[in-house]
Amino acid sequence: MPHTLLTLPPELRNQVYSYVLPTETQEIRFSTSVFPPVPALLQVSQQTREETSGLYYQHCAFDLVLHHRSLWQFRVWIVTLSPSAVWGLGHNGNLNLRVVFDEQHKEYERFRHMLKFYIHGSCSRSGWFVSAEDTQPRAPGQMAGVHINRKNHGRSRAEDEGLALRRRGTHYAMYRARRKEGRDAMRTALRAIYDRVSQSLWARCELLRTAK
């Protein structure tokens, strides 16, 4: 009997799959589609899809781009995933949740001046990064990493703007208070969205676990 990929032991197949899965960051933008594309390997057959979904969603890097008013798209998407894919996504520590805000958000006026660069939000359990951006498209060269962008652009720009305001005679304490107010509002908004996304994901995991 000739040997094929599907006749190999499962541990060897997983090793082969790990070489084929993409190494670049996968962007899933829910504003364009509820059913984002997947690598060709996951479309070969039902067996390969079931075997590789867990590896793909746990070990690949992801950018999940959500609009703050369209979180339902994320909930619809995870319902379509297999149990191994949902479990893998929940345990993927190399994931950035990018939240797009517009003027419809109730706190938009307080933090809109901070949407020109990434804001690193606090997150727990899954180890995800959470960041915010505006509705204006960005050039690829501006899409730096969360930590690098925040350090090189966010902090330095805030300090430069503060010095400029002080030179013009504006009270620096007022500027610092406004910056802190906007930062706190941003963190609260990001945390609320992250909690809703996380709760949806882990509720799906629990439902799949109890259904076995």
Mind listing just one residue for me: the one in the stretch 12-24 that is exposed (fewer than 12 other Cβ atoms within 10 Å of the Cβ) and under 24 Å from residue 129 (Cβ atoms) and, of those, modelled with the lowest pLDDT? 23
Checking the structure you have, find out if any residue of the stretch 30-38 is of a type in the set (Gly, Ala, Ser) and touching a residue at least 40 places away in the same chain (Cβ under 8 Å). yes
When you check residue 103 against the structure, is it modelled with pLDDT of 80 or more, farther than 21 Å from residue 27 by Cα, open to solvent by 60 Å² or more (accessible area, probe 1.4 Å) and among the acidic types (Asp, Glu), yes or no? yes
Only one of 185, 189 that is closer than 30 Å to residue 83 by Cα, open to solvent by less than 80 Å² (accessible area, probe 1.4 Å) and at pLDDT 85 or above: 189
Residue 27 vs. criteria modelled with pLDDT under 85 and open to solvent by 10 Å² or more (accessible area, probe 1.4 Å): no
Which residues, taken from the stretch 41-86, are in contact with a Lys or Arg (Cβ under 9 Å, 6 or more places away or on another chain), part of a helix (DSSP H, G or I) and open to solvent by 10 Å² or more (accessible area, probe 1.4 Å)? 41, 43, 51, 75, 79, 83
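The values are calculated or read from the model by the stated rules, or taken from the named source; none is laboratory data. Just so we're clear, the structure is a prediction, and the values are computed from it rather than from any experiment. As a convention, Cβ positions derive from the backbone with ideal geometry for all residues, glycine included, and neighbour counts pool all protein chains shown. Protein only, heavy atoms only, side chains kept; ligands, DNA and RNA dropped before computing areas. Shrake-Rupley method; radii C 1.70, N 1.55, O 1.52, S 1.80 Å.
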